[in-house]
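Trainee: Before we start, here is the structure in question, set down as structure tokens.
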Amino acid sequence: MSHVSHVATATIKELFERVASDLSMLSDKTIEVCDIAYEEREDRPVGEGEVHISYRFGVEDVDSQLHHGAMLIPLKPSIALAAYLMMAPDKTVQELVEKGEVDGPVKEAMLEVGTFVAGAGDAALRAVGATCARVVFEGCQGVRADVRPKLDYQEGAPLSVGRASVSVAGGEPVEMILMIPRENYLVAA
């Protein structure tokens, strides 16, 4: 495994764990990362079988260039995370998840989830010694099942992808997908 791959693997693991830890603390619900797998690809992975929310972020390198990545989370756990972040009671969370709509306060809370994903990415890259300036949240979007998320990315370029099995508030584990371009910012200082 190359040095960049090793740093990317460590970054992905660190990012998943930080997102879970930060959102657990803020929502007062347990978010558990069960398994993490790493792969190198040359195309954007898809969220299989259901609608996903793509939380997009930019990694700004020391030359002020942005390299774009995303975390895909299935719609229902995204709604649950947003509702828990709003401190909604379990019954309300279940109703919102069953309704499956993203509007008003749920949409605003989803944007907050995205802010925490970017913040966790920033902390994760710093923790592994990567040479980046910062990570910024760039919005989120719904992505149909089995469709590649919109991402400012040149197909065929190296992409570091992590897949994690994550349980939100004791629910059934779901797969979350993280993708970050393999660039020089991943090389530790």
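The values are calculated or read from the model by the stated rules, or taken from the named source; none is laboratory data. Source: prediction; values computed, not measured. No Cβ is skipped: glycine too gets one built from the backbone with ideal geometry, and neighbour counts run over all protein chains shown. For accessibility, only protein heavy atoms count, side chains too; no ligands or nucleic acids. Shrake-Rupley method; radii C 1.70, N 1.55, O 1.52, S 1.80 Å.
Trainee: State to the nearest 20 debye the size of the charge dipole of region 141-184 about its Cα centre, where the only charges are +1 on K and R beta carbons and -1 on D and E beta carbons.
Mentor: Taking the Cα centre of region 141-184 as origin, the dipole is about 40 debye.
Trainee: Right, next: Using a 1.4 Å probe on the protein chains only, how many percent of the accessible area of the chain belongs to carbon and sulfur?
Mentor: Carbon plus sulfur share of accessible area: 49 percent.
Trainee: Only four residue types carry charge here, +1 at the Cβ of Lys and Arg and -1 at the Cβ of Asp and Glu. Report the dipole size of the chain about the Cα centre in Debye, rounded to the nearest 20.
Mentor: Roughly 100 debye for the chain.
Trainee: How do 19-26, 158-165 rank on mean C-beta neighbours within 10 Å, highest first?
Mentor: Values: 19-26: 18.0, 158-165: 20.0.
Top to bottom by mean Cβ count within 10 Å: 158-165, 19-26.
Trainee: Taking 0.36 nm per residue of sequence separation and subtracting the Cα-Cα distance, how much length would be gained by fully extending the chain between E32 and E95, in nm to one decimal? It would help to have the intermediate numbers written out before the result.
Mentor: Details: separation 63, 0.36 × 63 = 22.68 nm, distance 2.23 nm.
Roughly 20.5 nm would be gained on extension.
Trainee: Give the lysines whose C-alpha is closer than 27 Å to that of K29, dropping any in the same chain fewer than 8 places away, or say none.
Mentor: K13, K76, K91, K99, K107
Trainee: Apply the membrane-span-like helix rule to the chain: whole DSSP H runs, Cα extent along the own long axis of at least 24 Å, mean Kyte-Doolittle hydropathy at least 0.5. List the helices found.
Mentor: Working: long enough: 3-27 (36 Å, 0.35); 104-127 (35 Å, 0.54).
Long hydrophobic helices here: 104-127.
Trainee: Go ahead and run the numbers for FRET between R41 and E112, Cβ-Cβ distance against an R0 of 25 Å, rounding to 0.05. Intermediate results must be reported in sequence, preceding the final value.
Mentor: Values: r = 29 Å, r/R0 = 1.16.
Efficiency, from the Cβ-Cβ distance: 0.30.
Trainee: Which FRET efficiency, nearest 0.05, do D63 and Q141 yield, Cβ-Cβ r, R0 41 Å? Mind dumping the intermediate values first?
Mentor: Values: r = 27 Å, r/R0 = 0.67.
Efficiency, from the Cβ-Cβ distance: 0.90.
Trainee: Which residue, chosen from F137, A118, S160, occupies the Cα position most advanced towards the positive end of the dipole of region 87-170, where the dipole is computed from +1 (Lys, Arg) and -1 (Asp, Glu) charges on Cβ about the Cα centre?
Mentor: Farthest along the dipole direction, towards plus: S160.
Trainee: If we count every other residue with Cβ under 14 angstrom of S27's Cβ, Lys/Arg +1 and Asp/Glu -1, where does the sum land? Display every interim value, and only then the final one.
Mentor: Numbers: positive: K29; negative: D22, D28, E32, D90, E112.
Around S27, the charge tally is -4.
Trainee: Now for a different question. Using the basic label-point model (7 angstrom from Cα toward the beta carbon), what is the D152 to R126 distance in nanometres?
Mentor: Placing both labels 7 Å beyond Cα along the Cβ direction yields 2.3 nm.
Trainee: Excluding ligands, DNA and RNA, what is the solvent-accessible area per residue of the chain at a probe of 1.4 Å, expressed in Å²?
Mentor: Details: 8920 Å² over 189 residues.
Ligands and nucleic acids excluded, the figure is 47 Å² per residue.
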